[in-house]
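*Asks:* Dropping a structure here in structure tokens format, bear with me for questions.
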Amino acid sequence: MSAESYSYVYIGLVIILTLIAGGKILSIKNSFGLIKTNVTLPIVHIVLIFLIFFLGFRPIHPIFGDTVIYRNLYNIPTAFEDDWLFGVFQRFSSQYFDVSVFFFLITVGYIVPIWASCKRMTKKNTDILLVFSISAMSFYVYAVNGIRNGLACSILLWALTYIIGNKKDKLFFILLSIIAIGLHKSTFLPFVCAVFAYYYRKTHVMFYFWFVSIVISLIGGNSIGSFFGTLGFDDRMANNTSEESIAEYAHFFSSIGFRWDFLLYSFMPILLGWYTVFKRRYMDETYYILLSTYIYANSFWVMVIYAVSSNRFAYLSWFLYPIVLAYPLLKFPVFKKNHNQKTVLILFGHLLFTILMTNFY
């Protein structure tokens, strides 16, 4: 199969999954039946296994972005010294495996923690949560490009499912977080956001912080991105905020500057969260931690939105996007009327944005 066909196969699969999931949800007669019913979709797990092999053994082609770069660096022992754990993994793998096995193992490490996280977060409707996750705009992109970031964020997502629990759970949270940060140091940002949210339980503050971040970004412009670039979350952040860099990279992007389209996209789970928490008065500890981590991390992205490589910073919140969008819909009667139908509309809208963005990728 040609490399150009991969995104179309992925889109075809998520369309089928979304239609099946939507049909299942709509078949529930009770308006709030989705919350009480465990909708199982065995096909989701078949698709996940297929994607592990399909994406893991993809051809080495420029259309997959960083895949070519990682192939070229595969046999260089010092290539990933800044991210020590990924460097250890890369050096070990290069001694025993072909580069194709290396990419396969990364894909396993990317997808399996997403499955494990969804399973831990919802005793019911895990499969629906998985459909939201697989059909997210960033799922395919970070499986084939930005793969180190994707791998680390998936493991951090898994870690977040243990932050609330007994001492053993918290130790597992710390261990998985160390692994995630060792694989990609940028995940230190959402880790700090999660810890802050755990100890600082002021729900309204996170919403204020997000809106203030927009004002800061509009006033500060590129200088804010340059400042965060110096903090070392991603070396590309420091190099891609100058006017010269923007001019150099402009032909790769349909829009450079303040991305109102991505801001609107990021706002959707925040709006849903505000409505769920303040209008409908529904909240549990898991949702609070997930939503807070997403909003705080996304706020930092808003402040560096002018940077050319800010999409990599955005993923430090977007890896939580499908979870914070779907979690309240599957756990609480968010909508007073036609909750099931409105959940399906949100799922379809979620998919539509993915289709549009994948065609531009």
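*Asks:* For the range 86-114, which residues satisfy the criterion of being more than 21 Å from the chain's Cα centre (by Cα) and under 12 Å from Leu151 (Cβ atoms)? Let's see the steps before the verdict.
*Replies:* Within the range 86-114, the subset more than 21 Å from the chain's Cα centre (by Cα) is 87-102.
Phe89, Gln90, Phe102, listed by residue number.
*Asks:* Please go through the range 153-177 and pick out each residue that is of a type in the set (A, V, I, L, M, F, W, C) and in contact (Cβ under 8 Å) with a residue 60 or more places away in the chain. Before you say what the answer is, go through the steps one by one.
*Replies:* Step one: list which residues in the range 153-177 are of a type in the set (A, V, I, L, M, F, W, C), which gives 153, 155-160, 163-164, 171-176.
Within the range 153-177, Cys153, Leu156, Leu157, Leu160, Ile163, Ile164 meet the criteria.
*Asks:* A further question on this structure: Any residue at all in the range 293-307 that's of a type outside the set (A, V, I, L, M), at pLDDT 95 or above and closer than 26 Å to Ile35 by Cβ?
*Replies:* yes
*Asks:* I'm trying to understand the selection: among the residues of the range 114-126, which are assigned to a helix (DSSP H, G or I) and surrounded by fewer than 23 Cβ atoms within 10 Å (Cβ to Cβ)? Spell out how you get there, then give the answer.
*Replies:* Filtering the range 114-126 for residues assigned to a helix (DSSP H, G or I) gives 114-121, 126.
The answer is Trp115, Ala116, Lys119, Arg120, Met121, Thr126.
*Asks:* Of the residues Phe139, Phe196, Phe132, which single one is surrounded by fewer than 24 Cβ atoms within 10 Å (Cβ to Cβ) and assigned to a helix (DSSP H, G or I)? First the steps, then the outcome.
*Replies:* On the way: Phe139 fails: surrounded by fewer than 24 Cβ atoms within 10 Å (Cβ to Cβ); Phe132 fails: surrounded by fewer than 24 Cβ atoms within 10 Å (Cβ to Cβ).
It is Phe196.
*Asks:* Among (1) surrounded by fewer than 22 Cβ atoms within 10 Å (Cβ to Cβ); (2) over 30 Å from Gly220 (Cα atoms); (3) modelled with pLDDT of 90 or more, which single condition is Phe353 missing?
*Replies:* (2)
*Asks:* Here is a follow-up. Say whether the condition of being aromatic (Phe, Trp, Tyr), crowded, with 23+ Cβ neighbours inside 10 Å, within 17 Å of the chain's Cα centre (by Cα) and closer than 27 Å to Arg120 by Cβ is met by at least one residue in the range 327-337.
*Replies:* Taking every residue of the range 327-337 in turn, at least one turns out to be aromatic (Phe, Trp, Tyr), crowded, with 23+ Cβ neighbours inside 10 Å, within 17 Å of the chain's Cα centre (by Cα) and closer than 27 Å to Arg120 by Cβ.
Residues checked against (1) among the hydrophobic types (A, V, I, L, M, F, W, C); (2) over 24 Å from Ser154 (Cα atoms):
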{"site": "Met1", "(1), (2)": "yes, yes"}
{"site": "Glu4", "(1), (2)": "no, yes"}
{"site": "Tyr8", "(1), (2)": "no, no"}
{"site": "Ile43", "(1), (2)": "yes, no"}
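*Asks:* Does the range 1-21 hold any residues that are of a type outside the set (Ser, Thr, Tyr) and farther than 18 Å from Cys118 by Cα, and which are they? If you could, list the steps in order and put the result at the bottom.
*Replies:* Start the filter on the range 1-21 by keeping residues that are of a type outside the set (Ser, Thr, Tyr), which leaves 1, 3-4, 9, 11-17, 19-21.
Passing the criteria: Met1, Ala3, Glu4, Val9, Ile11, Gly12, Leu13, Ile15, Ile16, Leu19, Ile20.
*Asks:* Shifting gears a bit: Out of the range 317-353, which residues are closer than 21 Å to Val302 by Cβ and polar (S, T, N, Q)? First the steps, then the outcome.
*Replies:* We begin by selecting, within the range 317-353, every residue closer than 21 Å to Val302 by Cβ; these are 317-325, 350, 353.
Matches in the range 317-353: Ser317 only.
*Asks:* Looking at this structure, is Lys170 basic (Lys, Arg), surrounded by fewer than 24 Cβ atoms within 10 Å (Cβ to Cβ) and in the same structural domain as Met357 (by TED's automatic domain parsing)?
*Replies:* On the way: basic (Lys, Arg): yes; surrounded by fewer than 24 Cβ atoms within 10 Å (Cβ to Cβ): yes; in the same structural domain as Met357 (by TED's automatic domain parsing): yes.
So Lys170 fits the description; yes.
*Asks:* Something else now. Specify which of the listed residues (Asn149, Asn125) is in the same structural domain as Phe172 (by TED's automatic domain parsing) and more than 30 Å from Phe32 (Cα to Cα).
*Replies:* Just one listed residue meets the conditions, Asn149.
The values are calculated or read from the model by the stated rules, or taken from the named source; none is laboratory data. On a predicted model such as this, the values are computed, not experimentally measured, just so you know. Backbone-built Cβ (ideal geometry, glycine too); neighbour counts: all protein chains shown.
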